[in-house]
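The values are calculated or read from the model by the stated rules, or taken from the named source; none is laboratory data. None of the values given here were measured: they were computed from a predicted structure. Glycine gets a Cβ as well: all are built from the backbone with ideal geometry, and neighbour counts include every protein chain shown. Heads up: the accessible areas ignore ligands, DNA and RNA and are worked out on the full protein's heavy atoms, side chains in. Shrake-Rupley method; radii C 1.70, N 1.55, O 1.52, S 1.80 Å.
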Amino acid sequence: MDVQSVKIDLIHWLTELQDKSVLKKLQGLKEQQESSFELSAEQKKELDSRLEKYENGEMRFSSWETVKDRVRKRAKDAL
């Protein structure tokens, strides 16, 4: 059975499903699937690099107010 056929079969089954415990399990599975993702090797490398800089005290941080002011100024200058 191809993927489309499986999806259609599941949709039909789901529309008839009345068992709340099964629906809750499916909802949990859906939420788990939506919240999980895979990072590429390049993304992992970048995160490791940033973490190392953070741990070595090499990163600069700004307050939210400072960031907002900087963005507003750039937007104003662009006009």
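Just a few scattered comments:
- Filter result for residue 35 (free of Cβ contacts under 8 Å to residues at least 40 places away in the same chain, small (Gly, Ala, Ser) and surrounded by fewer than 10 Cβ atoms within 10 Å (Cβ to Cβ)): yes
- Within the option set 47, 14, being of a type outside the set (Gly, Ala, Ser) and open to solvent by less than 90 Å² (accessible area, probe 1.4 Å) holds for one residue only, 14.
- Cβ-Cβ under 8 Å pairs, at least 6 apart or on other chains, the range 55-79 side surrounded by 10 or more Cβ atoms within 10 Å (Cβ to Cβ), far side in a loop (DSSP other than H, G, I, E, B) and not acidic (Asp, Glu): 70/62
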